[in-house]
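Engineer: What follows is a single structure, and I will ask about it in a moment.
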Amino acid sequence: MKQVAFGEENRDLSPREQLLRPMIDAIAQTMDLYGANYSFGQLYGIMFFEDRPMTLEEMKNVMNMSKSNMSYGVRSLMASKMVTKLEEKRERKDLYAVETDFFETFKNFFGMKLQREIDVMRQALDVVIPELEGLVHAVDTPEEERQFCLKDLEKLEHAVQYYDWLQQFVDELGEENYFVDKRRS
């Protein structure tokens, strides 16, 4: 795809490229909704429709970004497995390819985000629940405080059930054929 200047008229774009601009913008907006940088969403969208691996230099030229920002963006997309670095090179430059399977992208991106949430919350739950139980059983805990702790423990037990369910979902999401029946043949 030639130079893309979002929000401006660019006469160098082909009719196809002009038509794809709203789609690329929608991909970027969607990724932004889920915490990914909007510019990196644009990059993903551009690479998605490019249909060939790209070098950092090519991406930099298309996006009008500095090489350091582009490198950071590519690393970010690689961390969520939306982009992969290929073994082959073009003119001694690294090549990057985009994951074009939206089901796979969903699994990778959301699986990673949800696992992070689970890990953070479980770590806190593992610390707080025993401490609250200790307060409930301590002889010097005032009765009103004990009742508050019991209510808090009830809420946290519900959270434990939720995170057990969420972990099961993430584990199943990571299975190879999770989306097999949902994809069109």
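Each value in this text was obtained by applying a stated rule to the coordinates, not by laboratory testing. The model shown is predicted, which means the values in this text are computed figures rather than measured ones. Cβ atoms come from the backbone with ideal geometry, glycine included; neighbour counts cover every protein chain shown.
Engineer: Rounded, prolate or oblate: which fits the stretch 19-77 when a ≥ b ≥ c are the square roots of the eigenvalues of the alpha-carbon gyration tensor, with rounded for a/c under 1.5 and prolate only if a/b beats b/c?
Structural biologist: oblate
Engineer: Scaled to the compact-protein estimate 2.2 N^0.38 Å, what is the alpha-carbon radius of gyration of the stretch 137-184, rounded to two decimal places?
Structural biologist: Working it through for the stretch 137-184, the quotient is 2.04.
Engineer: Please give the net charge around THR84, taking every other residue with its beta carbon less than 13 angstrom from that of THR84, where Lys and Arg add +1 and Asp and Glu add -1.
Structural biologist: Its environment carries a net charge of -3.
Engineer: How tilted is helix 143-173 with respect to the longest principal axis of the chain? Cα atoms for both, answer in degrees (0 to 90, nearest 10).
Structural biologist: The answer is roughly 40 degrees.
Engineer: Right, next: Using the structure shown, select from LYS60/LYS85; LYS85/LYS107; LYS67/LYS107; LYS89/LYS113; LYS81/LYS155; LYS107/LYS155 the pairs with a Cα to Cα distance greater than 27 angstrom.
Structural biologist: Where the Cα-Cα span goes over 27 Å, the pairs concerned are LYS67/LYS107; LYS89/LYS113; LYS81/LYS155; LYS107/LYS155.
Engineer: Along Cα→Cβ, 7 Å out, is where each label goes; now give me the distance between the ones at GLU145 and ASP171 in nm to one decimal.
Structural biologist: In this crude label model, GLU145 to ASP171 measures out at 3.8 nm.
Engineer: If you don't mind, another one. I want to make sure I understand the PRE zone here: with the label point 7 angstrom from the Cα of TYR34 toward its beta carbon, which residues in the stretch 100-124 have backbone N atoms less than 17 Å away?
Structural biologist: Under cut-off, by backbone N: 100-118.
Engineer: Still on this structure, please answer the following. What angle do you read, to the nearest 10 degrees and between 0 and 90, between the alpha-carbon axis of helix 15-33 and the longest principal axis of the chain?
Structural biologist: 20 degrees
Engineer: Report, to the nearest 10°, how far helix 67-79 tilts away from the longest principal axis of the Cα atoms in the chain, using its own Cα long axis and a range of 0 to 90°.
Structural biologist: Once rounded, one gets 50 degrees.
Engineer: Averaging over every viewing direction, what projected area does the convex hull of the Cα atoms of the chain cover, in nm²?
Structural biologist: 15.7 nm²
Engineer: In percent, how large is the relative contact order of the stretch 1-150, given Cα pairs closer than 8 Å and 6 or more residues apart?
Structural biologist: Worked out over the stretch 1-150, it gives 15 percent.
Engineer: Can you bin every Cα-Cα distance in the stretch 81-185 into 10 Å intervals starting at zero and give me the percent of pairs per bin, rounded to whole numbers?
Structural biologist: 13, 27, 21, 17, 12, 7, 3, 0
Engineer: Would you mind finding the longest exposed-site-free stretch of the chain, with exposed GluC sites (Glu not before Pro) meaning DSSP loop and at most 13 other Cβ atoms within 10 Å?
Structural biologist: Segment 92-174 is the longest.
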